[in-house]
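A short write-up of the structure that comes next.
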Ligand SMILES: Nc1nc2c(ncn2[C@@H]2O[C@H](COP(=O)(O)OP(=O)(O)OP(=O)(O)O)[C@@H](O)[C@H]2O)c(=O)[nH]1
Ligand SMILES: [Mg+2]
Ligand SMILES: [Zn+2]
């Protein structure tokens with residue numbers, strides 16, 4: 001049978017197939033080959049007990065992408081979630097999330113600004129990011145923007161990512177009212193504890209639509225990215241890459257740079273400044 005791993009707990013994998021969930025053990029060969037079956041994996045498995053929905057995992061299809069934290073494969077969409085206030089948006093961290101999502105080859109990236117009840121100004125973020133990414137403003141508290149967000153997630157497997165306390169779990173509660181995800185202080189403790197034994201869980205919200213929560217974090221290092229690759233992870237640059245006078249243009253000091261020409265118009269100044277900042281950071285780490 002073909003299916004998809006939606007959760008892994010202590011060496012058992014829960015596989016959604018034909019409208020059922022099968023509890024499957026991984027065969028020894030995965031361990032020997034050092035392959036860790038991962039939430040989101042497309043797999044084949046053998047049903048051992050149809051009545052109790054138990055089986056054994058046979059093969060894992062090649063992954064289109066993989067996230068390390070939270071660990072999940074074949075993700076269609078990253079919902080990069082920040083709060084309009086409490087905590088204030090940290091655009092440095094937001095840009096790092098965006099770079100990571102691009103580097104990981106996640107096809108769709110949505111910027112979700114939650115707690116919009118606390119800070120109604122939407123223009124700043126729209127001006128910086130709206131040209132390159134869909135931006136949605138939500139309030140889990142006031143239940144606003146949720147339908148728009150749901151619409152954007154339809155038919156996809158999406159992971160919510162962002163700093164702690166921005167309301168990721170609260171939003172997921174709104175999207176699936178029957179799920180009883182814990183919010184606030186308690187969830188933070190539990191999620192930390194769970195981290196090592198439990199993989200991220202895909203929650204089915206509608207047919208063909210899954211979402212996953214993830215624990216928040218406060219810093220993101222990108223040191224594994226080569227400085228010269230960073231340009232590919234700024235979506236606003238894409239159209240202009242390869243059009244500079246020098247083929248190896250770093251878009252920093254070079255003359256006749258097609259990227260720099262667009263700064264302030266097609267490429268927002270703040271995004272370009274971040275590129276330069278991160279580029280220098282990555283170079284200093286080499
Ligand atoms: N004012 C306001 N508060 C919100 C909103 N959404 C969530 N909160 C509150 O913000 C706090 C944090 O919410 P969580 O949903 O736990 O945040 P989280 O992003 O899941 O945090 P971690 O699990 O630590 O990463 C809670 O006290 C929520 O009640 C919102 O839209 N507006
Ligand atoms: Mg949470
Ligand atoms: Zn250039």
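In terms of surrounding Cβ atoms within a 10 Å radius of their Cβ, 105, 260 rank from fewest to most as 105, 260. Here, the range 11-77 is characterised by an Rg to Rh ratio of 0.97, where Rg is the alpha-carbon radius of gyration and Rh the Kirkwood radius.
Taking the centroid of alpha carbons for each part, the range 127-169 and the range 69-108 are 11 Å apart. Based on the Cβ-Cβ distance of residue 151 and residue 232, what FRET efficiency does E = 1/(1 + (r/R0)^6) give at R0 = 25 Å, to the nearest 0.05? For residue 151 and residue 232, the calculated efficiency is 0.30.
If each residue's Cβ is checked for other Cβ atoms within 10 Å, how do 116, 219 rank with the fewest at the top?
Numbers: 116 22, 219 9.
Going from least to most buried by this count: 219, 116.
In the chain, Cα pairs under 8 Å separated by at least six residues give a relative contact order of 16 percent.
Suppose the chain between residue 66 and residue 243 were pulled fully straight at 0.36 nm per residue; how much longer would it get relative to their current alpha carbon spacing?
Details: separation 177, 0.36 × 177 = 63.72 nm, distance 3.12 nm.
Taking 0.36 nm per residue and subtracting the Cα distance, the gain is 60.6 nm.
Its Cα gyration tensor gives the chain an equivalent ellipsoid. The semi-axes, each the square root of 5 times an eigenvalue, are 36, 24, 16 Å from largest down.
Let a ≥ b ≥ c be the square roots of the eigenvalues of the Cα gyration tensor of the range 66-212; is it rounded (a/c under 1.5), or, if not, prolate (a/b larger than b/c) or oblate?
Numbers: a/c = 1.32, a/b = 1.18, b/c = 1.12.
Because its axes are fairly even, with a/c under 1.5, the range 66-212 counts as rounded.
Report the extension gain between residue 31 and residue 164 in nm, rounded to one decimal, defined as 0.36 nm multiplied by the number of residues separating them, less their alpha carbon distance. The partial results should precede the final answer.
On the way: separation 133, 0.36 × 133 = 47.88 nm, distance 3.32 nm.
Full extension of this stretch gives 44.6 nm more.
Over every pair of different alpha-carbon atoms in the range 227-284, take the mean of 1/r and invert it; report that Kirkwood radius in Å. Each step should come with its number before you reach the end.
Details: mean 1/r = 0.0885 Å⁻¹.
About 11.3 Å for the range 227-284.
The fraction of Cα-Cα pairs per 5 angstrom bin, counted from 0 for the range 199-260, comes to 3, 14, 16, 13, 10, 11, 11, 9, 8, 4, 1 percent, rounded to whole percents.
Values of log10 I(q)/I(0) for the range 1-148 across q = 0.18 Å⁻¹ run -0.97, by the Debye formula with one identical scatterer at each alpha carbon and no solvent.
Readers should treat all values here as calculations from the given coordinates under stated rules, not as data from a laboratory. Note that this is a predicted model, so its numbers are computed, not measured. Because the Cβ atoms are built from the backbone with ideal geometry, glycine has one as well, and the counts that use them run over all protein chains shown.
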